[in-house]
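Take a look at the structure below.
Since every read-out is calculated from the coordinates, none of them should be taken as a lab result. This one's a predicted model, so the numbers in the text were calculated from it and none came from an experiment. Virtual Cβ from ideal backbone geometry, glycine too; neighbours counted across all protein chains shown.
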């Protein structure tokens, strides 16, 4: 018996069912099922994860891949080649990371100078300023504008006043607001900026966004050394726990980033899961459809309760809570529901990840109960 066949049969036999399972969750769900089997445990609506779970083909690839988990990863070149083809760039433009956050870390480290400035929105994703802490960056935070978009004009003013290198972090769509900064406005700045102004464009939610005014900034990397785009397998591909992402950059910039990379940073099982996910032609649409279904349930409840929410181009929604955020989160936890962390200064809002429809029904039932109790 082949080793992989032994593994499959052992898992299935141990579960006593036709499909392998671990912890009551099927490893090989019926592809026709909209959502994998779940327990009645806590609702984890706090980290913008994809409720679909790994695609069926990706799960099979992981199971088959366990047979070679004792070997160093050999699929890096194959994945790089496929990512280059999908994005219309060359292999030399792709940099793999342990999640897109590692690529962000590489960029912050690689671009550091004694008098560098980092300009970013407030609120936005916190990892980039966190990665600055060991380095002598001057941090400039710019509040979002009236559209809850990046205030690019104010950011430009700060960049123009900087004495030396500037790194502009643009999370688009933005986390935690889910809002889009029009790509034409981002393009206009990149086109006129000097090479000493570097743009770190985080597109973790790129595949979810269907706003006609939004497109990738990767178009610039062929001619501009000062543009780095990051993407993630954590969101649309449901691989948050496997830690895989990538950057797209000019070849010279990509080489610079690689000098800060951890060797063999993308693990074997993540690589084979990613390859299988990319080859699943229906995966992105399934994720979008599931996200739309969950979002609709949430929107209907928020509208019913008169709770304002921002238009989201992601798999989460930022909504008002009409009360103290810490108390709200604690009360939700008492109901076995985990909701988003604080994002100052927008402490009158809570970021909620979109779960499966039954999860959103459970959440909205609790939210209506909170209204009955006068808590929201």
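Taking the Cα centre of each part, how many Å lie between segment 320-361 and segment 106-167?
Their Cα centres are 28 Å away from one another.
If we restrict to alpha carbons, what Rg and Dmax does segment 160-291 come to, in Å?
Cα only, segment 160-291: 16.0, 49 Å (Rg, Dmax).
For the chain, set up a Gaussian network in which alpha carbons nearer than 10 Å are linked by springs, and say which option among 324, 64, 151 fluctuates the most.
Among 324, 64, 151, the largest GNM mean-square fluctuation belongs to 324.
Would you mind ranking 194, 234 by Cβ crowding within 10 Å, fewest neighbours first?
Working: 194 9, 234 22.
Exposure proxy ranking, most exposed first: 194, 234.
If the chain between residue 292 and residue 113 were fully stretched, how many nm would it gain, using 0.36 nm times the residue separation less the Cα-Cα distance?
Working: separation 179, 0.36 × 179 = 64.44 nm, distance 4.33 nm.
Stretched out fully, the residue 292 to residue 113 stretch lengthens by 60.1 nm.
If N is the number of residues in segment 68-278, what value comes out of its Cα radius of gyration divided by 2.2 N^0.38 Å? Numbers along the way, then the final one.
Values: Rg = 16.5 Å, N = 211, 2.2 N^0.38 = 16.8 Å.
The reported ratio for this selection is 0.98.
Which order results if 272, 339, 366 are arranged by neighbouring Cβ count within 10 Å, fewest first? All intermediate terms of the calculation are to be shown ahead of the outcome.
Values: 272 26, 339 22, 366 15.
Fewest-to-most ranking of 272, 339, 366: 366, 339, 272.
Note the per residue figure in Å³ for the convex hull of the C-alpha positions in the chain.
Dividing the Cα hull volume of the chain by its residues yields 145 Å³.
Among 331, 59, 320, determine the one that fluctuates most according to a GNM of the chain built with springs between C-alpha atoms less than 10 Å apart.
Looking only at 331, 59, 320, the largest GNM fluctuation is found for 331.
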